[in-house]
Amino acid sequence: MISHLVRRLLWSVVVLVLVAGITFVIFFAVPGNPAVLIAGKYASPETIARIEKRLGLDQPKPIQFVRFLARAARGDWGESYASQQPVAQAILAAFPKTLSLTVGAVLAWVLIGIPLGVAGALRPRSARDRLGTLFALVGVSAPAYWVGLLLLEVFADRLGWFPLGDYAEIGRAGPLAWAHHMALPWLTLALINSGWYARLTRSQTLDVLRQDWVRTARAKGLPERMVVARHVLRNALLPIVTLLGIDAAYLFGGAVLTETVFGIPGVGGLAWKAIRQRDLPMVMGTVLFAALFVVTANLVVDMLYAVLDPRVAREE
C-alpha cells in the first residue's frame with residue numbers, strides 16, 4: 001500500500017508538470033500579446049517593449065516556462081499582469097467562496113441522487129423508479145447556466161425568497177445568511193449533478209442485487225435494511241466514490257458557469273477573467289490549483305477504495 005501511494009505521488013507531480021506545460025502552450029498559441037492589453041492599443045512600441053521586458057515576456061518561451069516551474073515549486077506563482085496582485089493571494093482570497101459552493105452542492109446532490117437511485121433499484125419499473133428516472137434525465141440534460149438563470153428569475157427576482165448578489169460580503173453575515181445566499185447556487189449544481197448520481201447508483205445497486213451472496217444473505221433471514229446497508233451499498237458505492245471525488249475536485253477548482261451566473265467571486269470567475277485578460281500568471285495559477293485538487297482527489301479515492309473494499313489493499 002505504501003509503495004502504491006509513493007508511485008501515485010510521483011505520477012501526480014508528472015501530471016501537474018504536464019498540465020502546466022499544456023496550459024502554457026495553449027496560452028501562447030492564442031493570438032494576442034498580454035503587454036499590448038496592459039499598455040493599451042494606442043501605446044507606442046517602446047512602451048510595449050518595456051512592459052514585455054518587465055514581465056519577462058521578451059525571454060524565449062522555454063525559459064519562461066522553466067522559470068515559472070522553479071518559482072511555483074517554491075510557492076511563488078508570480079503576480080497578476082492585470083492587478084499586480086500576487087496570484088496565490090488572489091486565489092486564496094477567492095477560494096472560501098468556491099469552497100462553500102462546493103461543499104454545499106456536493107452534500108445536496110449526494111443526499112438527492114443516491115437515495116433516488118437506491119429507491120428506484122429496490123423497486124424497478126415502479127412509479128417511484130420512473131419518476132426518479134425522469135428527474136435524472138431532466139437533470140443531466142439541463143445546462144447549468146439555464147438552471148441558474150431560471151432559479152434566479154423565479155425564486156429571487158419574482159418571489160423574492162432569496163437575495164441577489166452580495167456574495168462578496170456573505171462571510172461577514174453569519175452562517176444563516178451565508179446559507180440563505182448560497183441556497184440557489186447549491187440547488188443549481190445539485191439539480192444538474194444529482195441525476196448522474198441517481199442513474200449510476202440505480203445501475204450499480206441493480207447489479208449488486210443480482211449477486212449470489214446477496215441472495216444468500218436474504219436466505220439467512222437478515223432484515224432487508226441490513227442487507228441493503230451492509231452488503232449492497234458497500235459494494236455499489238465504489239464507482240460512486242470515484243465519481244464524487246473527481247466531481248468535487250473539479251468544483252474546488254472553480255465552477256465557472258455557476259459562479260458567473262450568480263456573480264460569486266470564486267476561483268472559477270477568477271480564471272475566466274484571467275483568460276479574457278490574457279493574464280498568464282493568473283491562468284497558470286488557477287489551472288494548477290484545479291489540477292492539484294483533481295490529483296489529490298484521486299489519491300483520496302484510492303484510500304477510500306481500500307476502506308470500502310479491503311481486497312484492494314491486499315492486492316497492493
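The values are calculated or read from the model by the stated rules, or taken from the named source; none is laboratory data. Note that the structure is predicted; figures quoted are calculated from it, not measured. Glycine also receives a Cβ, built like all others from the backbone with ideal geometry; neighbour counts cover every protein chain displayed. To get the accessible areas, we keep the full protein, side chains included, count just its heavy atoms, and leave off ligands, DNA and RNA. Shrake-Rupley method; radii C 1.70, N 1.55, O 1.52, S 1.80 Å.
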Taking the dipole of the chain about the Cα centre (Lys, Arg +1; Asp, Glu -1; charges at Cβ), the one of 293, 221, 149 that reaches farthest to the positive side is 221
Once the in-chain neighbours fewer than 8 apart are removed, the lysines whose Cα is under 24 Å from residue 41 read 53, 61, 273
Surrounding charge for residue 279, neighbours by C-beta under 13 angstrom, Lys/Arg +1, Asp/Glu -1, total +2
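When the helix-only estimate is applied to the chain (DSSP H runs of n ≥ 4, each -39,500 (n - 2.57), divided by the residue count), what is the mean residue ellipticity at 222 nm, nearest 500 deg cm²/dmol? Write out the running numbers ahead of the final one.
Values: 15 runs with 231 residues, N = 316.
When only DSSP H runs of four or more count, the value is -24000 deg cm²/dmol.
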Computed from the beta carbon distance with a Förster radius of 41 Å, FRET efficiency for residue 49 and residue 164 to the nearest 0.05 stands at 0.35
In the chain, whole DSSP H helices that both stretch 24 Å or further along their axis by alpha carbon positions and average at least -1.0 on the Kyte-Doolittle scale are 2-29, 87-122, 175-209, 280-308
Once phi for every residue in the range 158-163 is put through the Karplus expression 6.51 cos²θ - 1.76 cosθ + 1.60 (θ = phi - 60°), the whole-Hz ³J(HN,Hα) values, with Gly and Pro written as x, are 7, 7, x, 6, 10, x
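Taking only protein heavy atoms and a 1.4 Å probe, what accessible area per residue, in Å², does the chain have with all protein chains in place?
Values: 17440 Å² over 316 residues.
That works out to 55 Å² for each residue.
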Within the set 297, 49, 121, GNM on the chain using Cα springs under 10 Å gives the largest fluctuation to 49
In whole percent, the fraction of accessible protein surface over the range 196-291 that belongs to carbon or sulfur atoms, probe radius 1.4 Å, stands at 61
Long-range amide H partners of residue 79, meaning residues 5 or more apart or on another chain whose placed amide H is closer than 5 Å, are 87
When the chain is treated as a Gaussian network with springs between alpha carbons less than 10 Å apart, the largest mean-square fluctuation among 151, 184, 222 is found at 222
Among 184, 19, 246, the residue whose Cα sits farthest towards the positive end of the charge dipole of the chain, when +1 is placed on the Cβ of each Lys and Arg and -1 on the Cβ of each Asp and Glu, is 246
Between the modelled labels at residue 58 and residue 218 (7 Å from Cα along Cα→Cβ) the distance in nm is 7.7
hull vol. (C-alpha, convex hull) per residue for the range 1-151, Å³ -> 215
Candidates for log10 I(q)/I(0) by the Debye sum over Cα atoms at q = 0.07, 0.11, 0.16 Å⁻¹ are (1) -0.38, -0.85, -1.30; (2) -0.65, -0.93, -1.23; (3) -0.37, -0.74, -1.28, and the calculated one carries label (1)
Longest the chain segment clear of trypsin sites (Lys or Arg not before Pro) sitting in DSSP loops (not H, G, I, E or B) with at most 11 other Cβ atoms within 10 Å runs 221-316
Excluding ligands, DNA and RNA, the carbon-plus-sulfur percentage of the accessible area of the range 7-57 with a 1.4 Å probe reads 72
Sorted largest first, the Cα spans of the range 100-157 on the principal axes come out in Å as 39, 22, 17
